[in-house]
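Asks: Below you will find the structure I want to go over with you.
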Amino acid sequence: MSVPTVTAPPPRSSESTATTPPRTVRRHWTEHGLVFVAPFLVVYALFLLWPLLYGVKMSLGDDNIAGTDSHFIGFDNYAEALQDPDVWSSLWNTVWFTILSTVPLVLVGLGLALLAHHLRVVQWLWRLSWFAPFLLPSGVVGLLFMWVIFPSDFGFADQALASLGLHPGIGWLTDERYAMLSIVATTVWWTVGFNFLLYLAALQAIPQHLYEAAELDGAGAWARLRNITLPMLRRTTGVVVVLQILASLKIFDQVYIMTAGGPDDSTRPILQYVYQAGFTGYRIGYASAVSYLFFALIVIVSLIHLRLTRRASEEGARI
């Protein structure tokens, strides 16, 4: 009886075993991907791209708030804005506020985060109390400081000066010497909670064994702060500084509520000037041109920071 021979099937070629999907499958997934992304693209184009392009179109014309009798005038609005002293004074007020507010907001946020991280008694209360002001609307904060903290003679600030034996009656919001500082103090109390939260999260992410090893080597609290905590918070500090600069450059609410840009336009930011030019002076085209010049400034600041951050990262990688 003969045993039948079984022949093994020929091995498949590498081409047949390749897993490259057919073109129809790629088209199938592409089509379904576009279907899922399409709602976002529609909303993005409708509420961001279209207003952006329409704003450029208005900045190149003499559009008014009524939308009638507008003509194309090219870059005349931009040329006028660059020669307008009110634009430069408002821009300087914005930059000066950014300089005055950024440093205390970073340092105070870091200090509060260090305290909340090391305090062992009712930690939730400290964290809530320092972050809670950030949740308040700008209108509430502006009116609170305008009618409770900074009124002359009977406000909380003047009462504190009187209790220290100093002369009260300072025009916190009506004197050019103190108006910007009062707005800075209001902004620090209001928004420092966000920076505090970022720093607190970064502190909790630092490995504890670094502090334990440093303590075994005899490093004190100041040495641990200088050699471990601050270097580990370098990236967080960079993020906080950038976010704070961009937020300060866009200041409008608290100034408009508390001083309306006064006294004598000494606190008027660039965004308030854009508002006044467009909705009070009825020159929508000119206001658009000023806003796009300000937008260009913000882009330049962002690019400079990106360049500096990239260079610092490259130098750190070499080390």
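The values are calculated or read from the model by the stated rules, or taken from the named source; none is laboratory data. From a predicted model like this one, the values you see are computed outputs, not experimental measurements. Note: ideal-geometry Cβ built from the backbone for every residue, glycine included; neighbour counts use all protein chains shown. With ligands, DNA and RNA removed, areas are computed over all heavy atoms of the protein, side chains included. Shrake-Rupley method; radii C 1.70, N 1.55, O 1.52, S 1.80 Å.
Asks: For Arg311 and Asp62 in one chain, what is 0.36 nm times their gap in residues minus the Cα-Cα distance, to one decimal in nm?
Replies: 85.3 nm
Asks: From the list (1) 144; (2) 124; (3) 334, can you say which value of volume of the Cα convex hull per residue in Å³ was derived from the structure given?
Replies: Only one option fits the structure, namely (3).
Asks: A further question follows. Which loop chymotrypsin sites (Phe, Trp or Tyr not before Pro) in the range 52-92, with loop taken from DSSP, have no more than 10 other Cβ atoms within 10 angstrom of their Cβ?
Replies: none
Asks: Moving on to the next point. Can you find, among Gly281, Asn227, His71, the residue sitting farthest towards the positive end of the charge dipole of the chain, where Lys and Arg contribute +1 and Asp and Glu -1 at Cβ?
Replies: Towards the positive end, the residue furthest out is Asn227.
Asks: While we're looking at this one, here's another question. How much accessible area per residue does the chain have, in Å², with a 1.4 Å probe?
Replies: 65 Å²
Asks: Here's something else I'd like to know. Could you state how much accessible area Arg310 has, in square angstrom rounded to the nearest 10, with a 1.4 Å probe and all protein chains kept in place?
Replies: 130 Å²
Asks: Rg and Dmax of the range 245-317, Cα atoms, in Å?
Replies: When restricted to the Cα atoms of the range 245-317, Rg and Dmax are 16.4, 53 Å.
Asks: Rounded to the nearest 0.05, what FRET efficiency is calculated for Thr174 and Leu46 with R0 set to 51 Å and r the Cβ-Cβ distance?
Replies: Once rounded, the FRET efficiency stands at 0.70.
Asks: From the phi angles alone, apply the Karplus equation (6.51, -1.76, 1.60; θ = phi - 60°) to the range 269-276 and give each ³J(HN,Hα) in whole Hz, x where the residue is Gly or Pro.
Replies: For the range 269-276, the Karplus curve yields x, 5, 5, 5, 5, 4, 4, 5 Hz.
Asks: How far apart, in nm, are the 7 Å Cα→Cβ label points at Ala160 and Trp222?
Replies: 2.8 nm
Asks: If I build a Gaussian network model for the chain, linking alpha-carbon pairs within less than 10 angstrom, which residue out of Thr309, Thr267, Thr98 has the largest mean-square fluctuation?
Replies: Sorting by GNM fluctuation, first place goes to Thr309.
Asks: Residue by residue, what Karplus-based ³J(HN,Hα) values in Hz, rounded to whole numbers, does the range 246-254 have, using 6.51, -1.76 and 1.60 with θ = phi - 60° and x for Gly and Pro?
Replies: So the J values, rounded to whole Hz, are 5, 5, 5, 5, 9, 5, 7, 4, 5.
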